[in-house]
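Since the structure comes first, as structure tokens, the remarks are kept for the end.
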Amino acid sequence: MKFPSLGCTIEVFSQVNPSEDPEKIKKAILNILPDSDITTEDFLIKAKTNNFQSLKKIHEFIHSTQSQKVLQRQLEKHMDKNSTWFYLNKQAAYVEKPVLCDETDESPLGPLKVILTSTNIDRIIDALVVGNAN
């Protein structure tokens, strides 16, 4: 399947716990959003990209694990105007597995929060979950 080109800003946020290596968190983020720009502020790591293609790994993983309905439910539940968000398990992302979390405590070291912003947020959700943006 060809992943569509859609205008979307993708941001990832992660708290850095005292016991964590910030470089490992950066690696976890880059494993799931390979072309994102990462910045660090005190105990927070942020990543950002405007490349919708960056979500391809997440798309492929949720389809391979048949988690589309879970992601769709989360994206619709958290939708607010032109944005929505979901959580990923930070430790799983470190080993290149974008595993979804419903709640923050499902990821022992805290999750990665992925925020999607677009004027076409419904098309973004369709493309990510279903695989079509039409």
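Structure above, values below:
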quantity	calculated
Value of relative contact order over the chain, rounded to a whole percent, pairs C-alpha under 8 Å and six or more apart	31 percent
Identified option (computed P(r) over Cα pairs in 10 Å bins from 0, in percent; candidates (i) 13, 47, 33, 6, 0; (ii) 11, 34, 26, 16, 9, 3, 0; (iii) 11, 39, 37, 13, 0)	(i)
Chymotrypsin sites (Phe, Trp or Tyr not before Pro) lying in DSSP loop within region 10-76, provided at most 15 other Cβ fall within 10 Å	43
Simple spin-label estimate for residue 115 and residue 46 in nanometres, 7 Å along Cα-Cβ	0.8 nm
222 nm mean residue ellipticity, helices alone, for the chain (DSSP H n ≥ 4; -39,500 (n - 2.57); rounded to 500)	-9000 deg cm²/dmol
Ranking of 73, 123 by count of other Cβ atoms within 10 Å, fewest first	73, 123
Loop GluC sites (Glu not before Pro), region 44-97 (other Cβ atoms within 10 Å of the site Cβ: 15 or fewer; DSSP)	96
Integer Hz, Karplus 6.51/-1.76/1.60 couplings in order for region 55-71, x for Gly and Pro	7, 4, 4, 5, 4, 5, 5, 5, 6, 5, 9, 6, 9, 4, 5, 5, 5
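All of the numbers you see were taken from the coordinates with simple rules; none came from a lab. Since the structure is predicted, the reported quantities are computational estimates derived from the model, not experimental observations. Reconstructed Cβ throughout: ideal geometry from the backbone, glycine too, with neighbour counts over all protein chains shown.
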